[in-house]
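Let me begin by presenting the structure, written as structure tokens, before commenting on it.
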Amino acid sequence: MLWRGRRQSDNIEDDRSDSGGGLGGGLGGGGQFRLPIGGRTGGGGSILLVILVVLAGWYFGFDPSQILGGGDGGLLPGGGGQITDNSGSQNSGGAPANDEMKQFVATVLAETEDTWTGIFKSQGLTYEDPKLVLFSGQVRSACGFASAAAGPFYCPGDHKVYLDMTFFQQLDQQFGASGEFARAYVVAHEVGHHVQNLTGIMGKFNQMRQGMSEADANQLSVRIELQADCFAGVWAHYTAQKGILEQGDIESALNAAKQIGDDTLQKRMQGYVVPESFNHGTSQQRQTWLARGYKSGKLSDCNTMSGPI
């Protein structure tokens, strides 16, 4: 991705030097998204719970601190899960570690701003830029407290994307999803959830899942996730038109989508899959919807709420 020298967004809040201010604060502000986790998972239930918590924090885009249904404290059993850097040391605050990566994220965010501003304007709407908060170790959002182990997430309560950039190392080293555009896809996916929030899709999702069975709520969550993937593809479509994508960029993003599919993650982590627990989509589904948005560039092709997915 030819990102150097391009506009960088001013909507970056760099909290890496002072992240981790306490575990309190409760849950407030905006819609609460408590994903249906656990349940009929067989003998690997506790393992699956960890997988799905991490999975949700990585790329679900809603408040990960609410996934376990609790208010305070760590998100994973035992309070662990701090992300480590290449040397294996814990990254729990201090001076910013990678200013070039910050510049990259700011540039990608700027590109999403330009694209979605144009799309909204074409439909007679005004796009509200989200803020992107860089943190290290742990952070407090309007949705509550979150650990870096949860990965990137979007909080509808404050219209902010939260990112500990050491997640990109995990994406590359642990899951084999390398490349700058794989990282750009992560940011674009979270911004896709912001678009859902602005257009009221997220609010409708929250209403619809109330009173649903676990299986039905999971299926609805999959549709929300796949739409965010499609929206990321729409952004990639217009980014490609600017001539700043390089050979292999789209393939890099598609590989990232594959590596974070429900089935791929579950099989890698526990050796088997539990389809009824899927709430983000299979690898094939994620790749299909990302590619669909990229090929057409049309929001109308991102309707995951009806018909087969």
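The values are calculated or read from the model by the stated rules, or taken from the named source; none is laboratory data. This is a predicted model, so every value here is computed, not measured. Cβ sites come from the backbone with ideal geometry, for glycine too, and all protein chains shown count toward neighbours.
When segment 147-198 is examined, which residues are found to be among the β-branched types (Val, Ile, Thr) and either assigned to a helix (DSSP H, G or I) or modelled with pLDDT of 95 or more (or both)?
From segment 147-198, those among the β-branched types (Val, Ile, Thr) are 161, 166, 186-187, 191, 195; that's our starting set.
Answer for segment 147-198, where residues must be among the β-branched types (Val, Ile, Thr) and either assigned to a helix (DSSP H, G or I) or modelled with pLDDT of 95 or more (or both): Val161, Val186, Val187, Val191, Val195.
Does Thr264 count as β-branched (Val, Ile, Thr), within 18 Å of Phe181 (Cα to Cα) and either surrounded by fewer than 22 Cβ atoms within 10 Å (Cβ to Cβ) or touching a residue at least 40 places away in the same chain (Cβ under 8 Å) (or both)?
Working: β-branched (Val, Ile, Thr): yes; within 18 Å of Phe181 (Cα to Cα): no; either surrounded by fewer than 22 Cβ atoms within 10 Å (Cβ to Cβ) or touching a residue at least 40 places away in the same chain (Cβ under 8 Å) (or both): yes.
So Thr264 fails the test.
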Matching residues in segment 270-309 (part of a helix (DSSP H, G or I) and surrounded by fewer than 17 Cβ atoms within 10 Å (Cβ to Cβ)) number 7
Single unsatisfied condition, Gln207 versus (1) part of a helix (DSSP H, G or I); (2) crowded, with 24+ Cβ neighbours inside 10 Å
(2)
Take segment 284-299 and flag every residue that is within 17 Å of Trp116 (Cα to Cα) and aromatic (Phe, Trp, Tyr).
Tyr294
Ala184: passes all of (1) within 23 Å of Ser277 (Cβ to Cβ); (2) out of contact with any strand residue (DSSP E or B) (no Cβ under 9 Å at 6 or more places or on another chain) but (1)
Provide a single number: the residues in segment 89-123 that are among the small types (Gly, Ala, Ser) and modelled with pLDDT under 95.
6
Can you list residue pairs whose Cβ atoms sit under 8 Å apart, with the first residue in segment 246-257 being closer than 13 Å to Asp229 by Cα and the second being part of a helix (DSSP H, G or I) and charged (D, E, K, R)? Count only pairs 6 or more apart in sequence or on different chains.
Ala257/Asp229; Ala257/Arg286
